[in-house]
Amino acid sequence: MEIKKIAVLGAGQMGNGIAHVCAQAGYEVKMRDIDQKFIDKGLATIKKNLDRGVAKERMTQAEADEVFGRVQGVLDLKDAVKDVDLVIEAIPEIVKLKLDTWREVDGAAPEHAILASNTSSISITQMAAVTKRPEKFIGMHFFNPVPVMGLVEIIKGQATDDATVKVIEDVSHKVGKKTVLVNEAPGFAVNRLLVPALLEAVFAIQEGVATVEDMDLAIKLGLNWPMGPLTLADFVGLDTMLYIADYFVDEFKDSKYRAPALLRKMVRAGWVGRKAGMGFYDYSGEKPVPNKF
């Protein structure tokens, strides 16, 4: 099966990044969201990233214009998926929202279309079960920022067939990513290790073990991470991190995945990280400033 047209559901930081790399690889892309302002913001981000590529002489202006021209913003879900070969969902990590979306997509997308979720934690099998094509349902987990990060986790659900895996491997390679194949489990491969590490860093801050700045510096230099765990938590989104922690506790029935009280309090305050301008760092100025706890 050859993929020519792709629908990306969601124009946020993951969705617009996925639309960008797909368009850059030559695919025609429909990027759908529920409000025109989200679509406009997503398109503006793609344009900004392409302009940066031109400025750094990674592509010509003509090439950037051609890539941007392959992305179409769409409001209507049925219109977005009616004639595509692949649907990649990148909407918020809310189980009911994803299930309702997939029911509607399944009824509107062509029978041959493959359905892929960019979820970082939710069960692929659970989502596939609400469709009439569970063998064509798969996890396709990109990492943020999508144009920069080189990995796609491919996750097989209970019914995902080998032909679907092969197509998604081919698409992932065409958009410039390396792939790992994971049998479904909570957190898949990366977040299974990453999220507990980030939670432990928050526990350390909560307990006064170190300052935000020193904890980040210790892990950057001591473990050779490209960024500290608290900087990364802000980048991922503290609300997303909290959701995954609660999901892990529910799935594993193990309290070792519990969220620190500090994380829950910050989310309640709206301090969810870089996207909100406030998290473990204050992003309101020219440079991030570590908060004190």
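Just one of the listed residues (188, 142) is at negative phi and among the aromatic types (Phe, Trp, Tyr), namely 142.
Could you run through the range 256-282 and say how many residues are in a loop (DSSP other than H, G, I, E, B) and touching a residue at least 12 places away in the same chain (Cβ under 8 Å)? The number of residues fulfilling the criteria is 7.
Of 124, 155, which residue is of a type outside the set (D, E, K, R) and under 17 Å from residue 106 (Cβ atoms)? Going through 124, 155 in turn, just one is of a type outside the set (D, E, K, R) and under 17 Å from residue 106 (Cβ atoms): 124.
Residue-wise test of (1) outside any loop (DSSP other than H, G, I, E, B); (2) more than 15 Å from residue 15 (Cβ to Cβ); (3) in contact with a Ser or Thr (Cβ under 9 Å, 6 or more places away or on another chain).
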site	(1), (2), (3)
49	yes, no, no
54	yes, yes, yes
67	yes, yes, no
73	yes, no, no
84	no, no, no
88	yes, no, yes
91	no, no, yes
96	yes, yes, no
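Summed over the range 265-287, residues that are within 21 Å of residue 203 (Cβ to Cβ) and either in the same structural domain as residue 42 (by TED's automatic domain parsing) or surrounded by fewer than 15 Cβ atoms within 10 Å (Cβ to Cβ) (or both) total 3. Within the set 105, 130, the sole residue that is touching a Lys or Arg at 6+ places or on another chain (Cβ under 6 Å) and either assigned to a loop (DSSP other than H, G, I, E, B) or touching a residue at least 24 places away in the same chain (Cβ under 8 Å) (or both) turns out to be 130. Quickly run through the range 148-187 and pick out the residues that are at pLDDT 95 or above, part of a loop (DSSP other than H, G, I, E, B) and surrounded by 18 or more Cβ atoms within 10 Å (Cβ to Cβ). The answer is 157, 160, 175, 177. Within the range 220-255, being in contact (Cβ under 8 Å) with a residue 12 or more places away in the chain, in contact with a Phe, Trp or Tyr (Cβ under 9 Å, 6 or more places away or on another chain) and surrounded by fewer than 20 Cβ atoms within 10 Å (Cβ to Cβ) holds for 246, 251. Here the condition is being assigned to a helix (DSSP H, G or I) and either over 23 Å from residue 150 (Cβ atoms) or of a type in the set (Phe, Trp, Tyr) (or both); of 19, 62, 23, 7, it holds for 62 alone.
Residue 34 meets all of the listed conditions (1) without any contact (Cβ under 8 Å) to a residue 40 or more places away in the chain; (2) loosely packed, with under 14 Cβ neighbours inside 10 Å but one, namely (1). Per the listing 114, 122, 138, the residue uniquely closer than 30 Å to residue 242 by Cβ and modelled with pLDDT of 95 or more is 138.
Going through (1) part of a strand (DSSP E or B); (2) surrounded by fewer than 16 Cβ atoms within 10 Å (Cβ to Cβ) one by one, residue 100 falls short only on (1). Note on the range 112-127: residues that are more than 19 Å from residue 188 (Cα to Cα) and outside any loop (DSSP other than H, G, I, E, B) amount to 1.
The values are calculated or read from the model by the stated rules, or taken from the named source; none is laboratory data. Fair warning: this is a prediction, and the values are worked out from it, not measured in the lab. FYI the Cβ positions are ideal-geometry reconstructions off the backbone, even for glycines, and counts take in every protein chain you see.
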